[in-house]
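Single-structure report; data block below.
Read the figures in this text as sums done on the coordinates, not as results from a lab. Just so we're clear, the structure is a prediction, and the values are computed from it rather than from any experiment. Virtual Cβ from ideal backbone geometry, glycine too; neighbours counted across all protein chains shown.
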Amino acid sequence: MKKIGVLHAQLSRIIATMAHGEMLIIGDAGLPVPPGVEFVDLALKNGVPSFLETLETVLEELHVEKAIIDTEQAEVSPQMHQAFSAMWPKDIPLHAVPHAEFQEIIKGAKAVVRTGEFTPYSNIILVAGVLF
């Protein structure tokens with residue numbers, strides 16, 4: 001049995017097979033998953049697991065070269081945006097796009113991870129980097 005890191009078998013496999021430039025999306029409970037994109041459903045109940053808890057765990061295992069969030073997060077969910085901004089690693093570039101554009105981008109994702117987060121616009125696109 002795996003002792004540390006991501007214990008969810010499907011998510012662990014996805015992270016382990018991510019290649020440079022591939023996208024992994026972590027989303028709130030309401031984020032639509034485009035047809036043909038692998039779907040990892042972690043949602044258990046309202047808030048479990050949380051968006052930030054899931055993001056923090058994935059960042060421990062996935063090398064990320066850049067990320068994209070919804071521009072709406074700052075206005076619609078200011079408390080989430082503040083908490084997210086405080087925990088986001090400063091060495092990873094972060095871009096914000098309107099939610100409609102965000103939904104178009106995720107059509108090319110390797111996978112979408114659904115959390116139990118009920119805070120609107122708690123979504124992020126993680127673009128895998130390389131370690132060399």
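For residue 38, the residues 5 or more places off, or on other chains, whose built amide H falls under 5 Å of its own are 112. Straight Cα distances below 21 angstrom link residue 66 to the lysines 90, 107, 110, with same-chain residues fewer than 8 positions distant left out. Spread over its residues, the convex hull of the C-alpha atoms of segment 12-84 is 120 Å³ per residue. Exposure proxy ranking for 13, 114, based on other Cβ atoms within 10 angstrom of each Cβ and starting from the fewest, stands as 13, 114.
Taken along its principal axes, the alpha carbon cloud of segment 81-132 reaches lengths of 35, 28, 21 Å, longest axis first. Cα centroid distance between segment 84-132 and segment 1-77, in Å? Between the Cα centres of segment 84-132 and segment 1-77 lies a distance of 8 Å. Using θ = phi - 60° in the Karplus curve 6.51 cos²θ - 1.76 cosθ + 1.60, the 3J(HN,Hα) couplings for segment 90-105 round to 5, 8, 10, x, 10, 10, 10, 9, x, 4, 4, 5, 4, 5, 5, 4 Hz; x is entered for Gly and Pro.
If you compute Cα extents along the principal axes in Å for the structure shown, which of (1) 56, 47, 20; (2) 41, 35, 32; (3) 71, 40, 22 do you land on? For Cα extents along the principal axes in Å, the calculated option is (2). Here the Karplus curve 6.51 cos²θ - 1.76 cosθ + 1.60, taken at θ = phi - 60°, turns the phi angles of segment 10-20 into couplings of 5, 5, 4, 4, 4, 4, 5, 9, 5, 10, 3 Hz, with x standing for Gly and Pro.
Both radii are taken from the alpha-carbon atoms of segment 53-96; with Rh as the Kirkwood radius, Rg/Rh is 0.96. Adding -39500 (n - 2.57) for every DSSP H run of four residues or longer, then dividing by how many residues the chain holds, sets the calculated 222 nm ellipticity at -8000 deg cm²/dmol. Working note: Karplus 6.51/-1.76/1.60 with θ = phi - 60° gives segment 25-31 the couplings 9, 10, x, 6, 5, x, 5 Hz, where Gly and Pro are set to x. With a simple spin-label model that places each label point 7 Å from the Cα along the Cα-to-Cβ direction, the separation between residue 53 and residue 1 comes to 1.9 nm. Calculated FRET efficiency, residue 66 to residue 37, Cβ-Cβ distance, R0 = 25 Å: about 0.80 to the nearest 0.05.
Mean sequence separation of contacting Cα pairs (under 8 Å, at least six apart), scaled by the length of the chain, corresponds to a relative contact order of 49 percent.
Placing +1 on the Cβ of every Lys and Arg and -1 on the Cβ of every Asp and Glu, with no other charges, gives the chain a dipole of roughly 420 debye about its Cα centre.
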